[in-house]
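The values are calculated or read from the model by the stated rules, or taken from the named source; none is laboratory data. Just so it is clear, the model here is predicted, and its values are computed rather than measured. So basically every Cβ, Gly included, is an ideal-geometry build from the backbone, and we count neighbours across all protein chains shown. What goes into the accessible areas is simple: the full protein's heavy atoms, side chains included, and nothing from ligands, DNA or RNA. Shrake-Rupley method; radii C 1.70, N 1.55, O 1.52, S 1.80 Å.
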Amino acid sequence: QALARADRFNDMAIAGPAQQLVDEAAAVPAPGPVLRGQIERLKAQLAVAQNQAAYATLVATGDGVITAVSAEAGQVVTAGQVVMKLADESEREIAIAVPENRLAELKAARQIVAFLWANPKQIYPATVREIAPSVDPVTRTFAVRVAVPSGDAALQWGMTANVALTADGPPDVA
């Protein structure tokens, strides 16, 4: 309800007065060249204001879960500044830290699987989605994101999981 009121106020504040001036100026019979120039200037200002208002609305690209908020209500943000991070609902992922001496083993793995601490008997096939380009200087590990495309309802946000790699021999848990 507050959002709807803010939208109405925003529309009135930006488009209302400017649009009213454009309408009134256009209603003058046979406007002179000076008035025509003012009408065109007002139309251009209105177009710029409406374009800027469109950037004031946050719209998600799809369904998901907000995982981080980087701004406060009422804070002024710049164009392109990250305000929220949205995690895709259709695919779950697991964040792991891989020691630098085991990164080659991860890249060579034939198969990657994940299982939850809450239900270790349920095995989920997984794939490496992202490997950080640099090592964390404190832990000497690489941040790795493992995607679990076939996650079911049991696989919830924030749960603890293990990731296992298989190359030649038994699976190795990471």
| List the pairs whose first member sits in segment 69-91 and is polar (S, T, N, Q), whose second member is open to solvent by less than 90 Å² (accessible area, probe 1.4 Å), and whose Cβ atoms are under 6 Å apart, counting only residues at least 6 apart or on separate chains? | Ser70/Val82; Ser70/Val83
| request: Mind listing just one residue for me: the one in segment 82-91 that is at pLDDT 85 or above and not in a strand (DSSP E or B) and, of those, least open to solvent (accessible area, probe 1.4 Å)? | output: Val83
| said: I'm trying to understand the selection: among the residues of segment 51-70, which are open to solvent by 90 Å² or more (accessible area, probe 1.4 Å), at pLDDT below 80 and not in a loop (DSSP other than H, G, I, E, B)? | reply: Gln52, Tyr55
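A quick yes/no check of all residues on (1) touching a Ser or Thr at 6+ places or on another chain (Cβ under 6 Å); (2) closer than 30 Å to Ala53 by Cβ; (3) open to solvent by less than 50 Å² (accessible area, probe 1.4 Å); (4) of a type outside the set (Ser, Thr, Tyr):
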| residue | (1), (2), (3), (4) |
| --- | --- |
| Glu72 | no, yes, no, yes |
| Glu93 | no, no, no, yes |
| Glu105 | no, no, no, yes |
| Arg110 | yes, no, no, yes |
| Leu116 | no, no, yes, yes |
| Val128 | no, no, no, yes |
| Val138 | no, no, no, yes |
| Phe142 | no, no, yes, yes |
| Arg145 | no, no, no, yes |
